[in-house]
1. Could you pull the accessible area for residue 261 with a 1.4 Å probe, rounded to 10 Å²?
2. When a/c is below 1.5 the answer is rounded, else prolate if a/b is larger than b/c, else oblate, so apply that to the range 282-343 with a ≥ b ≥ c taken from the square roots of the Cα gyration tensor eigenvalues.
3. What residues from the range 56-94 fall in the zone where the backbone N is under 18 Å from a label point 7 Å along the Cα-to-C-beta line of residue 256?
4. Which value results when the Cα radius of gyration for the range 203-312 is divided by 2.2 N^0.38 Å?
5. Let me check something: with ligands and nucleic acids excluded, how do 47, 263 order by accessible area (1.4 Å probe), largest to smallest?
6. Taking the alpha-carbon set of the range 211-261, what are its Rg and Dmax in Å?
7. Round to the nearest 10 and report in Å² the accessible area of residue 101, as given by a 1.4 Å probe over the protein chains' heavy atoms.
8. FRET efficiency for residue 265 and residue 99, Cβ-Cβ distance as r, R0 = 56 Å, nearest 0.05?
Amino acid sequence: MRYFFEDCVLDTDRRELRRGLDAVPATPQVLDLLDYLIRSRNRVVSKDDLINAIWNGRIVSDAALTTRLNAVRRAIGDSGEQQRLIKTFPRKGFRFVGAVHDGDRCSEAAVASGVLAEPSNVARAAASAVVLVPDRSEQVASKPRSQNWMSYIRGPLKLVGGTLASVAAIGAIAGGLVGYWNVWKTLRTEAVREAQQIQGQPTVRPEMAARLSLVVLPFDNLNNDPEQDRLADAITTDLTTELARAPTAFVIGREIALTYKNKLIDLKQLGTNLGTRWAVRGAVRRNGDQVRISVSLTDLQTVRDVWSDRFDGDSANLAVLENNIAARLLCVGHLHLRQYEEAIEQCSRSLNIGAGLQAYIS
């Protein structure tokens, strides 16, 4: 399906967005989001609708959603201030408000209608002129023979004039057809040349800004006690929720992460499949009321742990322990991405990190 709006064309079959003759580099999520907004343009779609449709129910922060919407607006020449095409309804959602035409449009047909419109009018005028020419016998019968010799040739002259008008009309039609053929041939040649140029060029992918994208894999139960599996799963869920609350992080949903429980995982393939840069892995051991949680942050591009630590605490204060772990993960992740402003707040929340932050940065 192709959607036409303003100077843009969205081709959902070819996964392509064009403005005028230029292809607009866009990520798959930007194309999916634009497609969904256009298809749902008869109603206001909520944030939950967008998350379910584009992210398949993953946990997505408001900041991540806003970033994608801004990317869509930039791709189609809109902005949050103008909102000519995508309008925001506070506390309601969003709607595509631009005029959209579905299906294919043929520029050659428009050219043909313009070229042939004038010759057709000429032909009708010529036909009328021929009908209005009086018959020679009528001219002779109605005029006395004593009139000037010009009276006898006036009729033939009018007949010849009508014939010439018909010939001129036929010539105009033929000229219009030849003009249409030349225009169509030129358009076809230019279209083929443009297609060959596009095919010969390497695919241009937009440069993606580094982001803190995470997946919290199911934590291992080191007690070998099935009853403690619930504790490990609860810690996995709580860490996922705590990390997703950060506006600067993109976190894979708990349901997807739990599908990898008790499975051998190819970490590089995991990063490719989920579109994430980092994986949080860990293990839980409980001894009475004391809990020890071992956590590591793994770079899925290099399959190396960039940070790991142990956290000991009381099971009654498990929420405080989990909050400290989440802050430490966010701190280390932002520092590795050199996103220092985002790291400061998280590092100050975590233990023994705020004091050494300046040394790490410098």
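1. It works out to around 60 Å².
2. Numbers: a/c = 4.34, a/b = 1.75, b/c = 2.49.
In terms of gyration-tensor shape, oblate.
3. In the range 56-94, the label zone of residue 256 (backbone N under 18 Å from the point 7 Å along Cα→Cβ) covers 56-69.
4. Values: Rg = 14.9 Å, N = 110, 2.2 N^0.38 = 13.1 Å.
Scaled against compact globular proteins, the figure is 1.14.
5. Values: 47 90, 263 125 Å².
Of 47, 263, the descending order of accessible area is 263, 47.
6. According to the Cα coordinates of the range 211-261, Rg and Dmax are 11.8, 38 Å.
7. 110 Å²
8. Values: r = 48 Å, r/R0 = 0.86.
About 0.70, to the nearest 0.05.
The values are calculated or read from the model by the stated rules, or taken from the named source; none is laboratory data. All values reported here derive from a predicted model rather than from experimental measurement. Backbone-built Cβ (ideal geometry, glycine too); neighbour counts: all protein chains shown. These accessible areas exclude ligands, DNA and RNA; they are computed on the full protein's heavy atoms, side chains included. Shrake-Rupley method; radii C 1.70, N 1.55, O 1.52, S 1.80 Å.
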